[in-house]
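Readers should treat all values here as calculations from the given coordinates under stated rules, not as data from a laboratory. Predicted model only: the values in this text are computed from it and were never measured. In this analysis, Cβ positions are derived from the backbone assuming ideal geometry, glycine residues included, and neighbour counts consider all displayed protein chains.
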Amino acid sequence: MKYTRSDFPKDFLFGVATSAYQIEGHAQGGAGETHWDTFAATPGNVVRNENGDLACDHLHRFEEDLDFVREGGFDCYRFSTSWARVLPEGRGQVNQAGLDFYDRLTDALLERRIRPCATLYHWELPSALADLGGWRNPDIASWFADFTEVIMGRIGDRMFSVAPINEPWCVSWLSHFEGHHAPGLRDIRAAARSMHHVLLAHGRAIQAMRGLGMSNLGAVFNLEWSEPADDSAEAQKAAALYDGIYNRFFLGGVFKKAYPDNVLEGLEPHLPTGWQDDFDTIAEPVDWCGLNYYTRKLIAPDEGAWPHLKDVPGPLPKTQMGWEIDPAALTRFLVRTAQEYTGNLPILVTENGLASPERHNDKDRIDYLNQHLSAVQDAVVQGVPVNGYFIWSLLDNYEWAFGYEKRFGLIDVDFDTLKRSPKASFFALKSALTDGVASS
Ligand code: IFM
């Protein structure tokens with residue numbers, strides 16, 4: 001790597017991130033069925049109809065996986081808790097084996113001196129709640145607050161940090177308007193309601209955790225830089241709307257108690273009655289803001305119904321996902337978020353990384369990480385209080401609709417044998433993080 005720890009501010013945290021459904025092995029340990037299980041079982045939704053039944057079998061191999069986190073010299077491990085593993089029906093009866101698992105995982109992290117950074121929800125909604133309308137049902141905010149109390153009532157005393165929901169745009173727009181993720185809906189009313197309810201659930205979970213006496217609570221957004229495809233006023237308007245839907249709606253709700261006007265033009269008729277009254281809950285103060293950043297999009301106007309826009313191919317080098325690599329946009333996002341939304345609040349890059357077909361000598365990943373760490377440094381120099389950087393992901397894993405084909409891991413996983421093999425990027429990061437650092 002081009003950088004070592006000493007190139008970053010004192011107390012800057014380096015971590016790796018994962019999520020429950022993508023690695024644990026959801027068919028094991030008494031977890032309930034989720035909307036991802038049925039989405040994956042529906043032809044055409046996921047490459048080869050693959051699902052998270054076994055995934056990386058992290059449920060049984062977490063000790064080995066956490067040894068890698070320690071060996072790599074990472075300060076933090078960002079993981080998620082599966083709602084259906086803890087409450088198989090989403091409410092009511094607790095699966096003790098599920099709670100015990102997260103308890104053991106927490107202790108295993110602390111034994112290795114790794115800070116546990118939890119996310120309460122990373123996309124696998126219990127099917128019993130999906131049957132009741134899932135994120136379209138306003139009651140989901142209360143169901144989620146109850147789940148928060150159950151899981152954090154058990155492990156909250158040992159968490160370093162917690163965020164309620166990973167990537168609200170994916171939970172709502174991607175899954176209810178674009179239909180690419182579970183529950184696979186393509187409906188503007190469902191999209192508007194889920195966008196609002198996911199933020200309301202976030203706020204209720206923060207309140208629940210404050211009630212448990214917890215601190216260091218945050219919110220994690222995925223941001224995608226939008227660039228007009230040409231100089232026309234129409235392309236600029238389309239790019240601004242894409243920015244509104246993708247980025248500003250969620251940041252605006254949590255940090256400004258307001259949704260952008262250009263987004264309301266299309267969504268307001270579909271928002272739940274009394275949506276304006278929910279902002280005090282949505283904007284419950286947080287202690288930090290997490291940004292997940294991967295790419296940018298070129299946006300052009302389009303025919304048809306609102307939002308009248310489409311993304312078009314761009315000229316930049318691309319990852320295995322086909323995503324353009326644009327590190328400068330990460331700097332712009334960090335600066336803009338601090339200036340317009342979060343002020344002095346600490347910002348962490350809670351996900352960044354790339355999918356690559358290279359399973360051993362992943363030089364492309366090392367280059368990508370160097371470029372994005374450089375982008376973080378540029379933001380630090382401009383005075384942005386960035387204090388952490390997490391790589392997605394520790395392991396090759398279930399990349400949702402792309403199944404096991406796209407590999408984001410620092411550690412290669414052979415999905416036939418489940419053997420783990422660290423890639424060149426893992427060793428490069430290990431030297432960057434541990435060389436010259438006294439171990440205690
Ligand atoms: O794998 C996902 C993760 O679940 C959420 N953020 C983006 C990653 C890469 O697509």
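Which is the longest part of the chain that has none of the trypsin sites (Lys or Arg not before Pro) sitting in a DSSP loop with at most 12 other Cβ atoms within 10 Å? Present the calculation step by step, with values, prior to reporting the outcome.
Working: sites that count: Lys10, Arg113, Arg186, Lys419.
In the chain, the maximal stretch lacking such sites is 187-418.
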Identify the residues of segment 93-112 with backbone N under 16 Å of a label point that sits 7 angstrom from the Cα of Asp157 along the Cα-to-Cβ direction, or state none. 100, 102-108, 110-111
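Using the beta-carbon distance between Lys237 and Glu405 and R0 = 30 Å, what value does 1/(1 + (r/R0)^6) give for FRET efficiency, to the nearest 0.05? Walk me through the intermediate numbers first.
On the way: r = 36 Å, r/R0 = 1.20.
Rounded to the nearest 0.05, the efficiency is 0.25.
Just to check, using Stokes-Einstein with a Kirkwood Rh over alpha carbon pairs, what's the diffusion coefficient of segment 396-440 at 20 °C and 1.002 mPa s in µm²/s? Walk me through the numbers before you get to the answer.
Details: Rh = 12.1 Å.
Rounded, D is 177 µm²/s.
Which pairs in the list Lys406/Lys430; Lys256/Lys310; Lys2/Lys423; Lys10/Lys318; Lys237/Lys406; Lys363/Lys430 are over 25 Å apart, alpha-carbon to alpha-carbon?
On the way: Lys406/Lys430 23 Å; Lys256/Lys310 28 Å; Lys2/Lys423 17 Å; Lys10/Lys318 33 Å; Lys237/Lys406 33 Å; Lys363/Lys430 15 Å.
Pairs exceeding 25 Å: Lys256/Lys310; Lys10/Lys318; Lys237/Lys406.
Based on the Cβ-Cβ distance of Asp280 and Lys419, what FRET efficiency does E = 1/(1 + (r/R0)^6) give at R0 = 51 Å, to the nearest 0.05? Intermediate results must be reported in sequence, preceding the final value.
Numbers: r = 51 Å, r/R0 = 0.99.
About 0.50, to the nearest 0.05.
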Apply the Karplus curve 6.51 cos²θ - 1.76 cosθ + 1.60, θ = phi - 60°, to the phi angles in segment 410-426 and return the couplings in whole Hz, x for Gly and Pro. 7, 10, 6, 10, 7, 6, 8, 9, 6, 5, 9, 9, x, 8, 4, 4, 4
Can you run phi through the Karplus equation (6.51, -1.76, 1.60; θ = phi - 60°) for segment 352-360 and list ³J(HN,Hα) in whole Hz, with x for Gly and Pro? 6, x, 9, 8, 9, x, 6, 8, 10
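First check a/c for segment 119-195, with a ≥ b ≥ c the square roots of the eigenvalues of its C-alpha gyration tensor; if it is under 1.5, answer rounded, and if not, answer prolate when a/b is larger than b/c or oblate otherwise.
Working: a/c = 2.62, a/b = 1.86, b/c = 1.41.
In terms of gyration-tensor shape, prolate.
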Place a point 7 Å from the Cα of Tyr3 along the Cα-to-Cβ direction; which residues of segment 312-355 have their backbone N under 11 Å from it? 331, 349
List the aspartates and glutamates whose Cα sits under 19 Å from the Cα of Lys257, skipping any in the same chain fewer than 8 residues away. Glu167, Asp243, Glu265, Glu268, Asp277, Asp278, Asp280, Glu284, Asp287, Glu340
Amide H neighbours of Thr295 under 5 Å, at least 5 residues apart or on other chains, H built in the peptide plane: list them. Trp225
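Taking a ≥ b ≥ c as the square roots of the Cα gyration tensor eigenvalues, with a/c under 1.5 meaning rounded and otherwise prolate when a/b beats b/c, else oblate, which class fits segment 301-417? Could you put the intermediate results ahead of the total?
Numbers: a/c = 1.99, a/b = 1.20, b/c = 1.66.
Cα axes put segment 301-417 in the oblate bin.
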Run the simple label-point estimate for Asn216 and Lys256 please: 7 Å along Cα→C-beta, distance reported in nm. 3.1
Helix-only [θ]222 nm of the chain, DSSP H runs n ≥ 4, -39500 (n - 2.57) each, per residue, nearest 500: -11000 deg cm²/dmol
Let me know the shape class of segment 300-364, please: from the alpha-carbon gyration tensor, a ≥ b ≥ c as square roots of the eigenvalues, rounded when a/c is under 1.5, otherwise prolate if a/b is greater than b/c, or oblate. oblate
Beyond 31 Å, what share of the Cα-Cα pairs of the chain remains, rounded to the nearest whole percent? 36
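Please give the net charge around Ala84, taking every other residue with its beta carbon less than 12 angstrom from that of Ala84, where Lys and Arg add +1 and Asp and Glu add -1. Don't skip to the answer; put the middle values down first.
On the way: positive: Arg85, Arg91; negative: Glu24, Glu33, Asp37, Glu89, Glu124.
Overall, the nearby charge balance is -3.
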How far is it, in nm, from the label point at Asp11 to the one at Glu303 when both lie 7 Å from their Cα along the line to the Cβ? 5.7
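How much length is gained on full extension from Asp53 to Ser431, taking 0.36 nm per residue of separation minus their Cα-Cα distance? Display every interim value, and only then the final one.
Working: separation 378, 0.36 × 378 = 136.08 nm, distance 3.45 nm.
Gain in length upon complete extension: 132.6 nm.
Once fully extended, how much extra length lies between His60 and Gln207, figured as 0.36 nm per residue of separation less the alpha-carbon to alpha-carbon distance? Don't skip to the answer; put the middle values down first.
Details: separation 147, 0.36 × 147 = 52.92 nm, distance 3.29 nm.
Stretched fully, the His60-Gln207 segment lengthens by 49.6 nm.
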Report the relative contact order of segment 300-440, percent, no decimals, based on alpha-carbon pairs under 8 angstrom and at least 6 residues apart. 21
